[in-house]
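Below: one structure, written as structure tokens.
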Amino acid sequence: VTVNIVAMIKKLVFVILLYPLIYFPLHGQDFILQEQDKQLHFGAGMITSGLGYTWSFNKHQDKKKALITGIATSIVAGIAKETFDSIRGGDFDERDILATTLGGITVSVTIPLFKKKHKQ
């Protein structure tokens, strides 16, 4: 059962990473991170993901769990912010969630690259 969950999570991360490359052109004014609002969401995703990753790694000492927790934290933060905006009469912008998630993926994938490996 655990193997199926890990496989599903890997596929989800792949789709999340692939989606912006397919949906949004990477040139001109159409690139999502050229908008200042989306840059702020990207930064918020980086912060929330870093917090989620660190908390999870400190609790479980497992890089895979920490990676998943970090990315999930940024997704939840993006959805929560857009839900809050829509309740207050604003627009629910899926592109804001995407920018937040991209920031989260960036940090959660990068942190393990700089963590020292402990000898056992």
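Where a number appears in this text, it was derived from the coordinates with a stated rule and is not lab data. Not measured: the values here are computed from a predicted model. Methodologically, a virtual Cβ is constructed for each residue, glycine included, from the backbone with ideal geometry; neighbour enumeration extends over all protein chains shown.
For residue 115 and residue 11, FRET efficiency with R0 = 30 Å and r from the beta-carbon atoms, rounded to 0.05?
On the way: r = 25 Å, r/R0 = 0.83.
Approximately 0.75, to the nearest 0.05.
Ranked by the mean number of other Cβ atoms within 10 Å of their residues, highest first, the peptides 40-48, 83-91 fall in the order 40-48, 83-91.
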